[in-house]
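Q: I'd like to ask you about the structure that follows.
The values are calculated or read from the model by the stated rules, or taken from the named source; none is laboratory data. Because the structure is predicted, anything quoted here is derived from the model rather than measured. Virtual Cβ from ideal backbone geometry, glycine too; neighbours counted across all protein chains shown.
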Amino acid sequence: KNQVEQSPQSLIILEGKNCTLQCNYTVSPFSNLRWYKQDTGRGPVSLTIMTFSENTKSNGRYTATLDADTKQSSLHITASQLSDSASYICVVSSSVYGNNRLAFGKGNQVVVIP
Amino acid sequence: IAGITQAPTSQILAAGRRMTLRCTQDMRHNAMYWYRQDLGLGLRLIHYSNTAGTTGKGEVPDGYSVSRANTDDFPLTLASAVPSQTSVYFCASSERGEPDTQYFGPGTRLTVL
């Protein structure tokens with residue numbers, strides 16, 4: 001069973017509207033959680049990274065939240081633009097330096113339409 | 001500054017052939033990674049290197065080998081390609097290794113026939 005589950009799998013939204021993507025994880029021990037944006041045909045680009053003590057972090061119109069107690073995170077996109085059409089990947093790390101253990105979600109596919 | 005470059009951009013390869021995917025970064029990052037991304041499966045770690053001269057196995061290392069002779073380069077070799085290795089391969093780097101942010105290259109699309 002995947003340790004990182006994302007929902008919805010895909011989403012179509014109108015330009016200008018808001019949307020929220022969900023990420024639930026079972027990874028333990030927890031080190032940090034990050035959200036990546038991956039445009040079609042390109043490599044993922046980091047949006048946010050949050051450690052255990054952080055419960056919200058913003059990057060422009062993207063706001064990520066983290067509830068380490070319930071092991072849930074969300075990514076909120078405000079006033080969506082056509083360029084927000086992409087896959088959003090949730091990644092949870094249980095690593096400390098020198099020991100790589102990352103769990104990747106399968107991504108939320110977002111399509112923004114005019 | 002180019003960041004991370006990968007070559008080739010895409011490749012069609014006959015099964016049984018040897019293939020090396022190249023990855024170079026100019027950020028002087030210590031750690032580098034190779035992932036494969038398949039539809040419906042997401043990104044999976046193949047091999048990683050926390051510093052020049054060291055490598056480690058990821059989630060799906062079988063059929064792949066890596067070397068890290070210097071800081072900048074991290075080639076991935078398929079000794080004898082099989083069709084199940086058809087995928088998009090991403091190289092990434094981070095300054096010191098986990099939990100630092102990883103920066104990804106543009107990817108190599110490999111098709112093994």
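Q: Which one of B:Gln6, B:Gln102 is closer than 30 Å to A:Pro8 by Cα, surrounded by 13 or more Cβ atoms within 10 Å (Cβ to Cβ), under 15 Å from the mean Cα position of the chain (by Cα) and facing chain A (nearest Cβ under 9 Å)? Lay out the reasoning, then the answer.
A: Values: B:Gln6 fails: closer than 30 Å to A:Pro8 by Cα.
One residue alone meets the criteria, B:Gln102.
Q: Filter the range B:36-61 for residues that are among the charged types (D, E, K, R) and surrounded by fewer than 21 Cβ atoms within 10 Å (Cβ to Cβ); which is nearest to the other protein chains (Cβ to nearest Cβ)? Can you show your working first?
A: Looking only at the range B:36-61, we keep the residues that are among the charged types (D, E, K, R), and these are B:36, B:38, B:44, B:57, B:59.
Those left that are additionally surrounded by fewer than 21 Cβ atoms within 10 Å (Cβ to Cβ): B:38, B:44, B:57, B:59.
Values: B:Asp38: 10, B:Arg44: 7, B:Lys57: 10, B:Glu59: 9 Å.
Out of the qualifying residues, it is B:Arg44.
Table: residues versus (1) at pLDDT 95 or above; (2) of a type outside the set (A, V, I, L, M, F, W, C); (3) touching a strand residue (DSSP E or B) at 6+ places or on another chain (Cβ under 8 Å); (4) within 30 Å of A:Thr51 (Cβ to Cβ).
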position: B:Glu59; (1), (2), (3), (4): no, yes, yes, yes
position: B:Leu76; (1), (2), (3), (4): yes, no, yes, no
position: B:Ser80; (1), (2), (3), (4): yes, yes, no, no
position: B:Gln85; (1), (2), (3), (4): yes, yes, yes, no
position: B:Ser94; (1), (2), (3), (4): no, yes, yes, yes
position: B:Gly97; (1), (2), (3), (4): no, yes, yes, yes
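Q: Turning to a different aspect of this structure: If we keep just the residues of the range A:34-46 that are in contact (Cβ under 8 Å) with a residue 24 or more places away in the chain and facing chain B (nearest Cβ under 10 Å), which is surrounded by the most Cβ atoms within 10 Å (Cβ to Cβ)? Write out each step before concluding.
A: Just the residues of the range A:34-46 that are in contact (Cβ under 8 Å) with a residue 24 or more places away in the chain, to begin with: A:34-40, A:44.
Cutting the leftovers down to facing chain B (nearest Cβ under 10 Å) gives us A:34, A:36, A:38, A:44.
On the way: A:Arg34: 22, A:Tyr36: 24, A:Gln38: 20, A:Pro44: 27.
Restricting to residues being in contact (Cβ under 8 Å) with a residue 24 or more places away in the chain and facing chain B (nearest Cβ under 10 Å), the top hit is A:Pro44.
Q: Within the range A:76-84, is even one residue in contact with a Cys (Cβ under 9 Å, 6 or more places away or on another chain) and within 11 Å of another protein chain (Cβ to nearest Cβ)?
A: no
Q: Can you tell me which of (1) in a strand (DSSP E or B); (2) more than 21 Å from B:Ser93 (Cβ to Cβ); (3) within 14 Å of chain B (Cβ to nearest Cβ); (4) in contact with a Ser or Thr (Cβ under 8 Å, 6 or more places away or on another chain) is the one A:Thr63 doesn't meet?
A: (3)
Q: Next question, about the same structure. Of the conditions (1) free of Cβ contacts under 8 Å to residues at least 60 places away in the same chain; (2) within 21 Å of B:Thr5 (Cβ to Cβ); (3) within 11 Å of another protein chain (Cβ to nearest Cβ), B:Ser67 satisfies every one except a single condition; which number is it?
A: With respect to (1) free of Cβ contacts under 8 Å to residues at least 60 places away in the same chain; (2) within 21 Å of B:Thr5 (Cβ to Cβ); (3) within 11 Å of another protein chain (Cβ to nearest Cβ), B:Ser67 is out only on (3).
Q: Further, regarding this structure: Give the residue that is nearest to the chain's Cα centre (by Cα), with candidates limited to residues of the range A:66-84 that are crowded, with 18+ Cβ neighbours inside 10 Å and part of a strand (DSSP E or B).
A: A:Leu75
Q: Part of a loop (DSSP other than H, G, I, E, B), under 24 Å from A:Gly107 (Cβ atoms) and modelled with pLDDT under 95 - does that describe any residue in the range B:2-21?
A: Going residue by residue through the range B:2-21, those that are part of a loop (DSSP other than H, G, I, E, B) are B:2-3, B:8-9, B:14-18.
Now narrow it down to the ones that are under 24 Å from A:Gly107 (Cβ atoms): B:3, B:9.
Applying the additional criterion that residues be modelled with pLDDT under 95 yields B:3.
Yes, that holds for at least one residue.
Q: Just one of A:Thr63, A:Thr40, A:Thr51 is at pLDDT 95 or above and hydroxyl-bearing (Ser, Thr, Tyr); which is it? If you could, list the steps in order and put the result at the bottom.
A: On the way: A:Thr40 fails: at pLDDT 95 or above; A:Thr51 fails: at pLDDT 95 or above.
Among A:Thr63, A:Thr40, A:Thr51, only A:Thr63 is at pLDDT 95 or above and hydroxyl-bearing (Ser, Thr, Tyr).
Q: Just to be sure, is B:Gln25 crowded, with 19+ Cβ neighbours inside 10 Å, among the polar types (S, T, N, Q), under 27 Å from A:Thr48 (Cα atoms) and within 11 Å of chain A (Cβ to nearest Cβ)?
A: On the way: crowded, with 19+ Cβ neighbours inside 10 Å: yes; among the polar types (S, T, N, Q): yes; under 27 Å from A:Thr48 (Cα atoms): yes; within 11 Å of chain A (Cβ to nearest Cβ): no.
Considered against the rule, which asks whether it is crowded, with 19+ Cβ neighbours inside 10 Å, among the polar types (S, T, N, Q), under 27 Å from A:Thr48 (Cα atoms) and within 11 Å of chain A (Cβ to nearest Cβ), B:Gln25 comes out as no.
Q: Here is a follow-up. Go through (1) over 10 Å from the mean Cα position of the chain (by Cα); (2) closer than 26 Å to B:Asn50 by Cβ one by one and return the number of the condition A:Ile89 breaks.
A: The number of the failed condition is (1).
Q: Taking the conditions exactly as written (at pLDDT below 95 and within 14 Å of chain B (Cβ to nearest Cβ)), does A:Ser28 satisfy them or not? First the steps, then the outcome.
A: Working: at pLDDT below 95: yes; within 14 Å of chain B (Cβ to nearest Cβ): no.
Taking the combined requirement at face value, the residue does not satisfy it.
Q: Name every residue in the range B:75-113 that is more than 22 Å from A:Phe104 (Cα to Cα) and in a loop (DSSP other than H, G, I, E, B), in order of residue number.
A: B:Pro75, B:Ala79, B:Ser80, B:Ala81, B:Val82, B:Leu113
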